[in-house]
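Each remark here refers to the structure printed beneath this line.
The values are calculated or read from the model by the stated rules, or taken from the named source; none is laboratory data. Being a predicted model, the structure only gives us computed values, none of them experimental. Methodologically, a virtual Cβ is constructed for each residue, glycine included, from the backbone with ideal geometry; neighbour enumeration extends over all protein chains shown.
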Amino acid sequence: MPPNDALMLLRQRRANTPLQENNDNTEAPSILDQADKGPTPEQALAETERRAAVLQAIAHLRESLRTVVLLRELQGLTSAETARRLGLTVSAVKARTFHARRHLRQHLERKYKAAAVAF
């Protein structure tokens with residue numbers, strides 16, 4: 001999975017989803033219906049492994065890139081908000097984001113190519 005997709009998954013997981021009320025008089029969904037919507041154990045394990053791989057890749061970034069990734073991608077700040085918080089220009093934040101994504105992509109590609117060769 002490309003790092004941008006993995007980061008988007010992390011961002012989606014972080015977002016709070018509003019609860020929907022059932023205002024009509026129809027029957028509430030049964031517990032069995034809800035169980036079918038959850039991930040399978042294999043999907044949950046794959047998601048956990050992807051998350052760990054992305055976090056490990058982020059940890060390997062130099063601090064200036066890692067800070068930008070954490071603020072932009074995981075906390076969801078805009079480039080302008082990140083720039084203000086770090087005392088940088090918006091251009092510098094965009095450049096660091098670009099370089100960080102490139103390094104993450106390369107790190108994850110190497111990791112998954114090595115894993116594919118092992119099988």
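Among the residues of the stretch 78-90, are any in contact (Cβ under 8 Å) with a residue 24 or more places away in the chain and under 16 Å from the mean Cα position of the chain (by Cα)? Among the residues of the stretch 78-90, not one is in contact (Cβ under 8 Å) with a residue 24 or more places away in the chain and under 16 Å from the mean Cα position of the chain (by Cα), which makes the answer no.
For Arg50, the criteria (1) modelled with pLDDT under 90; (2) over 21 Å from Arg102 (Cα atoms); (3) among the basic types (Lys, Arg) hold in every case but one, which is (2).
For the stretch 91-110, the set of residues classified as of a type in the set (A, V, I, L, M, F, W, C) and touching a residue at least 12 places away in the same chain (Cβ under 8 Å) consists of Val93, Ala100, Leu104, Leu108, listed by residue number. Can you tell me how many residues in the stretch 56-92 are closer than 13 Å to His103 by Cβ and either touching a Phe, Trp or Tyr at 6+ places or on another chain (Cβ under 6 Å) or of a type in the set (Val, Ile, Thr) (or both)? Number of matching residues: 3.
Residues in the stretch 89-99 that are surrounded by 18 or more Cβ atoms within 10 Å (Cβ to Cβ) and farther than 20 Å from Gln12 by Cα: 2 in all. Scanning the stretch 48-83 for residues that are in a helix (DSSP H, G or I) and surrounded by 12 or more Cβ atoms within 10 Å (Cβ to Cβ) yields a total of 23.
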